[in-house]
Amino acid sequence: MRYDEKALVVFSGGQDSTTCLFWAKKHFKEVIALSFAYGQRHANEVEIAREIAEVAGVEWHCLDAGFISGLSHNSLTDMSISVDKEKPSDALPNTFVPGRNMFFLSIAAVFARERGIRHLVTGVSQTDFSGYPDCRDNFIKSLNVTINLAMEEQFVIHTPLMWMDKAQVWALSDELGVFDLVREKTITCYNGVVGDGCGECPSCRLRKKGLEEYLSIRK
């Protein structure tokens, strides 16, 4: 389906949000990308996001959400905490930033409303994720209802990757013609290494596993 409307993509410059950016370009007449600086360990993602948005030819904005880093202790906003290499079996990983997607989407909705935009796009996935509760489908649907009630609007939050594993996300980027860009220019690594990343953090290992699976069937 193609919408004759604008869409706002919550955009980090990572594999998932970049794939969503080009998905949105295919499905909407105009796309705006919105990034957030929230005191993240991998702060260079903001500049990477700007560069990718320029390549994509979309309007890009970045908002300061630094208040997020002062609300909780986690390894993505507190440099004194080392990033978990394995997800704990009985707890959330220490890379979980409480409220992050809730804040991002809520702020994005206000930003979009002021520009007459009702479609929001985010790259969250329940299929291949690190155990973050704010990546789940029921959370997104609940937040969508809440945002609409809060502003008396009819926003639609699109989650094109919700039921895709990482191999399928790689396949989608290939279908959209941006496989090389996603592989070489995006930043998924929690330690800020562009492309294939550090290879050690959970995000890099998940990305690598999906890539290997996709390349094995792509040949």
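The values are calculated or read from the model by the stated rules, or taken from the named source; none is laboratory data. Computed from a predicted structure; not experimentally measured. Glycine gets a Cβ as well: all are built from the backbone with ideal geometry, and neighbour counts include every protein chain shown. Note: accessible area is taken over every heavy atom of the protein model, side chains too, but ligands, DNA and RNA are not part of it. Shrake-Rupley method; radii C 1.70, N 1.55, O 1.52, S 1.80 Å.
Numbers for the structure displayed
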read-out: Count of residues meeting criterion [of a type in the set (Ser, Thr, Tyr) and open to solvent by 80 Å² or more (accessible area, probe 1.4 Å)] in region 49-99; value: 3
read-out: Residue match in region 2-17 (condition: in a loop (DSSP other than H, G, I, E, B), buried (at least 19 other Cβ atoms within 10 Å of the Cβ) and of a type in the set (Lys, Arg)); value: no
read-out: Residues being assigned to a helix (DSSP H, G or I) and surrounded by fewer than 17 Cβ atoms within 10 Å (Cβ to Cβ) - total across region 141-167; value: 8
read-out: Test result for THR186, β-branched (Val, Ile, Thr) and closer than 20 Å to PHE22 by Cα; value: yes
read-out: Whichever residue in region 19-51 is out of contact with any strand residue (DSSP E or B) (no Cβ under 8 Å at 6 or more places or on another chain) and part of a helix (DSSP H, G or I) and, among such residues, is farthest from GLY177 (Cα to Cα); value: GLU47
read-out: Qualifying residue in region 123-132 (condition: open to solvent by 40 Å² or more (accessible area, probe 1.4 Å), of a type in the set (A, V, I, L, M, F, W, C) and either at pLDDT below 95 or outside any helix (DSSP H, G or I) (or both)); value: yes
read-out: Failed criterion for ILE68 (all others in (1) in contact (Cβ under 8 Å) with a residue 60 or more places away in the chain; (2) among the β-branched types (Val, Ile, Thr); (3) in a helix (DSSP H, G or I) hold); value: (1)
read-out: Flag for ALA171 being under 21 Å from LYS25 (Cα atoms), assigned to a helix (DSSP H, G or I) and open to solvent by less than 50 Å² (accessible area, probe 1.4 Å); value: yes
read-out: Residue within region 72-79 that is over 19 Å from the mean Cα position of the chain (by Cα), over 24 Å from GLU30 (Cα atoms), acidic (Asp, Glu) and in a loop (DSSP other than H, G, I, E, B) present; value: yes
read-out: Residue check for LYS85: touching a helix residue (DSSP H, G or I) at 6+ places or on another chain (Cβ under 6 Å), over 21 Å from GLU5 (Cβ atoms) and not acidic (Asp, Glu); value: no
read-out: Residue count, region 180-208 (criterion: touching a residue at least 40 places away in the same chain (Cβ under 8 Å), open to solvent by 20 Å² or more (accessible area, probe 1.4 Å), part of a loop (DSSP other than H, G, I, E, B) and of a type in the set (A, V, I, L, M, F, W, C)); value: 1
read-out: Residue that is most open to solvent (accessible area, probe 1.4 Å), among those in region 34-48 that are among the hydrophobic types (A, V, I, L, M, F, W, C) and out of contact with any His (no Cβ under 6 Å at 6 or more places or on another chain); value: ALA43
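Matching residues to (1) at pLDDT below 95; (2) within 16 Å of the chain's Cα centre (by Cα); (3) under 26 Å from ARG41 (Cα atoms):
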{"residue": "ILE140", "(1), (2), (3)": "no, yes, yes"}
{"residue": "MET151", "(1), (2), (3)": "no, no, no"}
{"residue": "HIS158", "(1), (2), (3)": "no, yes, no"}
{"residue": "ARG183", "(1), (2), (3)": "no, yes, yes"}
{"residue": "CYS189", "(1), (2), (3)": "yes, yes, yes"}
{"residue": "CYS204", "(1), (2), (3)": "yes, yes, yes"}
{"residue": "GLY210", "(1), (2), (3)": "no, no, yes"}
